[in-house]
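Note sheet for the following structure.
The values are calculated or read from the model by the stated rules, or taken from the named source; none is laboratory data. Please read all numbers here as calculations on a predicted model, not as lab measurements. Positions of Cβ are generated from backbone atoms using ideal geometry, with glycine treated the same way; all protein chains shown enter the neighbour counts.
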Amino acid sequence: MLRILPLEDARSFITRRAVRLAEAVETVTPILEAVRARGDEAVLEYARKFDGLQGTALKVPESELSDAAACVSAVFHAAVETASKNIREYAQLQLPRDTSVQFHDGRRLGQIVRPLDSMGAYIPAGRYPLPSTVLMTAIPAQVAGVKTICVTSPRPSVEILAAARFLGVSNVFRVGGAQAIAALAFGTATIPKVDRIVGPGNIYVTAAKKALAGEVGIDFIAGPTEIVIIAGDANPRHVAADMLAQAEHDVEASAILLTTSRALAERVAQEVARQLESLPTAPVACQSIQNHSAVILCPSMDAAVDASNRLAPEHLALYDDSLLGKIRHAGSVFLGPTSPEAAGDYASGPNHVLPTAGAARTRGGLSSADFVKIISVQQLTPDGLARLAPAITTLARAEGLEAHARSVEVRLGS
C-alpha cells in the first residue's frame, strides 16, 4: 500500500502540488458579495443552507458557553489547561519587544510594538472538530494584547465551546464557510469586522481568505496538511504512527519518509499496513497513504535534506538532531525520536497553524507576532540632521523630489 521509491522516481512527491483555488474562488465570490451587501441577512441565509443553522441566533450565548465548560470532563479541562500554559509561554517568547538605541551620530532609532485591534479565528468543525485550534489561534492574540477576539465555527462541538470559555472568549459565532470569512472581513450588525483572520479550513474557506486578502489580513493560503520525516535509523513503529497521524487528517494529506535505509523503508511499510488494520480513521488514512504518501530512498542524508528543502514541508521530523543546521524551509521541526508531531499539534507550545503547499519557503507558523504591528520610531538631533543632509538632499533631487530636499534645508538655514 505504501510505495517505496528511489529518489529519481519520486519527482511527483518532491514537486510541490499546486493548490487549485480558481474554481473555488469563483464559487465563493457571490457569497462574499452577498454578505458585503446584506450583512447578517445573507450570513443567516448561507448558515442555514450550508451549516444547518437552526433559528436566527448567530452568536453563541454566554449561558451555552458556561454549560459547555461545565459539561466537559475534568480530564479534558486539565488537558486544555496544560496545553494553554505551554502555548502561552511560547507565544510570549515570540512576541517582538519595544526597543530604542541612541547612535553616536545623533540618531535615536527604535520600534514600538502595538497590537491589532481585533482578530477572527476560523475553527473547523466538520469531520474532526478542533478545540485545539481555539487555543492555537486565540492565545497568541491574547498574548499580543488584541482586545476583540472572535471565533467562528459552523457546528461548534461542546469541546470547542468549552475551550473558548476557558480562554474567556465570548465572541463565538455559529457560522462557517465563506460566509464566516466574509462576515469577519466586512463586519455585520452581529459579527465584528476584524483586522486579521486566521485558522485552517476547507478549500472554500481558503478561497474566501485568498479573495479577501488585502481587504483584511490573513495568515496564509493553506493546502492539504503534510509531514516529511527524515530518518536513517529509527523505530519503524514510531515512524509509521507519525505518518498515519498525518494521513488521518484528510484524504489529500501527505506523509513522506526520506531515508537511506531500504530495511527501514520495508519495515515502515509493513508497520503502516499493520497499524491501519486497527485504526478507526483508516477509511481516510488509507486514501492518503495510497495516493499521496511514500517512502523515498535517498542516496545520502544530504540528498534527503535537499529534497525536504525543496518541498518546504509544513511538518518536518528529524530523527538526527545534527541535520537541523541544514534545514532552510519548514513550518515546524520535531527533533529526535521522542518529539512526535502530535505533541506540537496539541500541547508542547509551538503553534499548529502552519504554512502548507510550500508557503514555508517564505514564512513560519502562526505566532503572537502575527497580531502586532512593529512601528518604527526615529529622532534626530540638530547635528544628526546636519550630518545626514547631504545624503538626503542628493537622493531626493536624484528622484526629482525637490520639496523633500527643501524640507531638510529649511531646518538648517539653507
request  = Select from region 147-168 the residues that are surrounded by fewer than 24 Cβ atoms within 10 Å (Cβ to Cβ) and aliphatic (A, V, I, L, M) and write down the one among them that is farthest from the chain's Cα centre (by Cα).
outcome  = Val158
remark   = Just one listed residue, out of Ile327, Ile256, is within 24 Å of Pro350 (Cβ to Cβ), of a type in the set (Val, Ile, Thr) and surrounded by fewer than 17 Cβ atoms within 10 Å (Cβ to Cβ), and it is Ile327
inquiry  = Under 7 Å between Cβ atoms, which residue pairs at least 6 apart in sequence (or on different chains) link something in region 268-293 that is at negative phi and free of Cβ contacts under 8 Å to residues at least 40 places away in the same chain with a partner that is in a helix (DSSP H, G or I) and surrounded by fewer than 16 Cβ atoms within 10 Å (Cβ to Cβ)?
reply    = Glu271/Arg237
query = Listed residues Arg107, Arg88; which is modelled with pLDDT of 95 or more, assigned by TED's automatic domain parsing to the domain that holds Thr137 and within 28 Å of the chain's Cα centre (by Cα)?
reply = Arg88
task = Would you point out the residue of region 52-72, among those that are modelled with pLDDT under 95 and in contact with a helix residue (DSSP H, G or I) (Cβ under 7 Å, 6 or more places away or on another chain), that is farthest from Ile191 (Cα to Cα)?
result = Leu53
query = Which number in (1) more than 17 Å from Glu248 (Cα to Cα); (2) surrounded by fewer than 21 Cβ atoms within 10 Å (Cβ to Cβ); (3) among the aliphatic types (A, V, I, L, M) marks the one condition that Ala343 misses?
reply = (1)
task = Please go through region 286-313 and pick out each residue that is in contact with an Asp or Glu (Cβ under 7 Å, 6 or more places away or on another chain) and more than 23 Å from Asn235 (Cβ to Cβ).
result = His292
inquiry  = I want to confirm something. Restricting to region 110-129 and keeping residues that are under 14 Å from Leu161 (Cβ atoms) and modelled with pLDDT of 95 or more, which single residue is surrounded by the fewest Cβ atoms within 10 Å (Cβ to Cβ)?
reply    = Ile123
message = If the requirement is being touching a Ser or Thr at 6+ places or on another chain (Cβ under 6 Å), touching a residue at least 12 places away in the same chain (Cβ under 8 Å), under 13 Å from Asn171 (Cα atoms) and of a type in the set (A, V, I, L, M, F, W, C), which of these qualifies: Ala138, Ala121, Ala125?
response = Ala121
task = Output the qualifying pairs, or none if there are none: Cβ atoms under 9 angstrom, residues six or more apart or on different chains, first residue in region 231-253 and among the β-branched types (Val, Ile, Thr), second residue surrounded by fewer than 20 Cβ atoms within 10 Å (Cβ to Cβ).
result = Val239/Arg267; Val251/Pro224; Val251/Pro283; Val251/Val284; Val251/Cys286; Val251/Gln287; Val251/Asn291
